[in-house]
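What follows is a short report on a single structure.
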There are 2 protein chains.
Amino acid sequence: MNVRLMHTNEKIAAVFAATLKLIHTNGFHGTPMSKIAQESEVAIGTIYHYFPSKDDLIFALFKHCRSLLNDYIFDGIKEDFDYKASFFHVWRNFVKFYLENAQIFSFFEQFFSSPYYEKNKAEIQEPVGGQNKVLDFLQEGIDKKILKQVNVHLLVASYIGVALSTVHNIKFKDLQFSEQNLKELMEIIWDGAVNRNKIIN
Amino acid sequence: MNVRLMHTNEKIAAVFAATLKLIHTNGFHGTPMSKIAQESEVAIGTIYHYFPSKDDLIFALFKHCRSLLNDYIFDGIKEDFDYKASFFHVWRNFVKFYLENAQIFSFFEQFFSSPYYEKNKAEIQEPVGGQNKVLDFLQEGIDKKILKQVNVHLLVASYIGVALSTVHNIKFKDLQFSEQNLKELMEIIWDGAVNRNKIIN
DNA sequence: TGCACCCGAATGAACGTTCGATTGATGCAT
DNA sequence: ATGCATCAATCGAACGTTCATTCGGGTGCA
């Protein structure tokens, strides 16, 4: 099994879709291989032909979803965007990706909070939730003296943390989704992250 | 079984401690009742005497931990604290509680990301992660025109989101714990949350 | 012929839960 | 005081189910 195959083989696509759907509705617990086979209409034996174990399936699915996220969030940045516009754009994409892909959000939440993630942490050097590219982007803002002159990880924690918390609150709590709310949230993060010594607006 | 008993009965305390420990190290998956019985040195039959099912045990444990958190975060606020000082104090307590109780943090992360939480959402009217008291506190800041004049849920998302993200980054990533880092993070949130029309420092 | 792909009944381990037995404390009638 | 009944607390072997995984066989293409 290789990455290219994962995108072309429709059986694997069906398995991914079914796993995502089942984990979203029934949780990690409630998604046995038998149900994945049923939902995807792919025989259990076939699933095990591509994935040596259930863990391997989950891990492959994780990498697949992560690349979807990474492709998404930096998409659509125009040449004429200044830093603040990009700062807003990426953050908004981040939130919208999770809102539009509720199954992936749910899967990620469960994946990251499982000791399974902790065990494979070493193998997950790459961005978590697209954070590496985000990290570079925020570091750029620090270098340009646009953002506060602090450890970039602090800004990442704020940037990502508010986004995830926002999605969670929209999904589970009383927070309504609206462009106005997103705009005000972005202002909150921006005002917090921006270098007060150079503030202009 | 009632709440008072839960605090006095040492068998239940042992069961709670064992469950917390096992979930932290092995995850929701890897903590069968048999292991809880083994680790706590309480017979399976006895556990089922107090909790009708595993779900009930988990739910009771959740409520227990939540009350620990609630008791903790608003503790130690002095009379002479102004709003900003309280704002910092509570946030810092929030982060420190989770850092000092890594097992509870891990348990909460798994609990909230499980569909189990979604199913019992109705029954969990009370504060999630102490958010209700936090909500009231932030609403107070809005009413006093100290914080931005926005929907309080936006500020909650920022306040809590950054805290959780910070703990997560300290636990799993490259972020070092230091008072200096906490202080800078609190400044980021404060600068984002504060009413710019009345800014003084 | 070989190899990749595909299938699903069968397997054995692990799980949540049940149940009958035992103990000791409490209350009550004698 | 004594005998009796009740019941919460305790225990862990046993039960039935469900799960991840295996395996032997089937198909069609190179």
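The values are calculated or read from the model by the stated rules, or taken from the named source; none is laboratory data. What you are looking at is a predicted structure, and each value in this text was computed from that prediction instead of being measured. Reconstructed Cβ throughout: ideal geometry from the backbone, glycine too, with neighbour counts over all protein chains shown.
When the test is whether a residue is in a helix (DSSP H, G or I), more than 11 Å from DNA strand D (Cβ to nearest atom) and surrounded by fewer than 19 Cβ atoms within 10 Å (Cβ to Cβ), A:LEU99 passes it. Those residues that are within 14 Å of chain B (Cβ to nearest Cβ) and among the polar types (S, T, N, Q), I need them from segment A:73-114; list them, please. Matches in segment A:73-114: A:GLN103, A:SER106, A:GLN110, A:SER113, A:SER114. Among all residues of segment B:188-195, there is at least one that is more than 10 Å from every other protein chain (Cβ to nearest Cβ) and over 22 Å from B:PHE105 (Cα atoms).
The selection criterion, being closer than 27 Å to A:THR31 by Cα and either at pLDDT 95 or above or surrounded by fewer than 14 Cβ atoms within 10 Å (Cβ to Cβ) (or both), does not hold for B:PHE88. Once segment A:36-61 is narrowed to residues that are more than 13 Å from DNA strand C (Cβ to nearest atom) and touching a residue at least 12 places away in the same chain (Cβ under 8 Å), the residue that is farthest from A:PHE16 (Cα to Cα) is A:ASP55. Does A:GLN149 qualify as being surrounded by fewer than 17 Cβ atoms within 10 Å (Cβ to Cβ) and more than 9 Å from chain B (Cβ to nearest Cβ)? Spelling it out, A:GLN149 is indeed surrounded by fewer than 17 Cβ atoms within 10 Å (Cβ to Cβ) and more than 9 Å from chain B (Cβ to nearest Cβ). Here segment B:50-61 is the region considered, the condition is being surrounded by 13 or more Cβ atoms within 10 Å (Cβ to Cβ) and more than 14 Å from chain A (Cβ to nearest Cβ), and the residue that is nearest to DNA strand D (Cβ to nearest atom) is B:TYR50.
All conditions in (1) within 18 Å of the chain's Cα centre (by Cα); (2) surrounded by 19 or more Cβ atoms within 10 Å (Cβ to Cβ) hold for A:VAL42, with the sole exception of (1). It is to be established whether one or more residues within segment A:149-168 are at pLDDT 95 or above, out of contact with any Leu (no Cβ under 8 Å at 6 or more places or on another chain) and of a type outside the set (A, V, I, L, M, F, W, C). Checked segment A:149-168: at least one residue is at pLDDT 95 or above, out of contact with any Leu (no Cβ under 8 Å at 6 or more places or on another chain) and of a type outside the set (A, V, I, L, M, F, W, C).
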